[in-house]
Amino acid sequence: MDADVVVIGAGQAGLSAAYHLRRLGLDFTVLDADDAPGGAWQHRAPSLGVGDLHRIFDLPGMPFVPPADGPAAPVVAAYFADYERHFELDVRRPVRVRAVTPGFVVATDAGDWHARAIINATGTWSRPYVPAYPGAGDFLGRQLHYAAYRGPAEFAGQRVIVVGGGNSAVHVLSELPGVAASIRWVTRRPPQFHDGEFTEDRGRAVIASVTSRVAAGLPPQSVVSVTGLGYTTLVRAALAKGALDRHPMFDRLVAGGVMSGTSFEPADVIIWATGFRAALSHLAPLHLREPGGGIRLDGTATVREPLVHLIGYGPSASTVGANRAGRAAALALAATVGPGPRTPHHVTR
């Protein structure tokens, strides 16, 4: 199977890229590992409501008009599904990419694709990060990452420690009061809260900070380490419930809880809201990484292989950034690869 461009991933970034590739006349195929449309959104906890979201940016060419209320996961997934249908995007699923090898052979569990260029839009959701921590194997309670969090009910009557300083931690902290027996919030650094609108100037400063690390060949920072926490609906809910009483990170886990120096804190559950890492292992055969551990980019193109573009990575790891990166990658490939022999597009469900 051949294509001018193979797009890997059908979340916000991948669909944005596909839209612009279609408009520019490039032949493309989108490979998506999920069983259904929706990207990472379809895997979010059912307790996360539409009203809890700071904002979902429109995909290009089709506004997102959310309902007043309801769980976010099915609402956003339905929007993505409508988008694919409306623009007749060639999305193949479920197709799991195993490796991309030199010459751009995309090996998958559904056969091989041969491409002239690659746009990688695999995001981070499939790579939840839990730090190695002293005593983790000694703890007798339950440990889970935020990616597995499905809502507060399963923690009724339990003593819960929430680890992490980002919006995922705040989501959990906004829901557990009155359900869990006790809640303790711990972070490595004191959280930085900011009020006011997230302006374009502030957004540019954040992107510049992330871009400088990527340009140096270093792994991107987490968004919250750059932006801080805004006073979102979830933050205000957690504050109103007295759940944002932050404590320093503990030293180690023990059988019945955690230790900070000689102080013991009992716990039944530890929820690691410690972020995600870019899902890029399938690109390893291309040797794109720099000695610093990151992938150096020139715009969206990887410096080591300019016909491989990363979107939803580093400076474009946000919904608005993913849209812009999808357009930039498509424009760059239209200029370098150009439209090849056209083949019909088919929507595969």
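For the reader, a short list of remarks on this structure follows.
- Restriction of the trypsin sites (Lys or Arg not before Pro) in the range 128-184 to DSSP coil positions whose beta-carbon has at most 16 other beta-carbons within 10 angstrom yields Arg150.
- With at most 14 neighbouring Cβ atoms within 10 Å, loop GluC sites (Glu not before Pro) (DSSP) excluded, longest segment of the chain: 198-349
- Multiplying the residue separation of Ser260 and Ala335 by 0.36 nm and subtracting their alpha-carbon distance yields 21.3 nm.
- Between Tyr231 and Arg252, the modelled labels are 4.2 nm apart [label points 7 Å from Cα along Cα→Cβ].
- Within the chain, helix-based [θ] at 222 nm, where runs of 4 or more DSSP H residues each add -39,500 (n - 2.57), nearest 500: -7500 deg cm²/dmol
- Radius, Kirkwood style, for the range 1-155 when every pair of distinct Cα atoms is counted (Å): 17.4 Å
- Taken over the Cα atoms of the chain, the convex hull encloses 143 Å³ per residue.
- Where a label projected 7 Å from the Cα of Asp109 along Cα→Cβ would reach, residues of the range 271-295 with amide N under 18 Å: 279-283
A short reminder: the numbers here are calculations on the coordinates, not readings from a lab. What you are looking at is a predicted structure, and each value in this text was computed from that prediction instead of being measured. For neighbour counting, all protein chains shown are included, and Cβ atoms are generated from backbone atoms with ideal geometry for every residue, glycine included.
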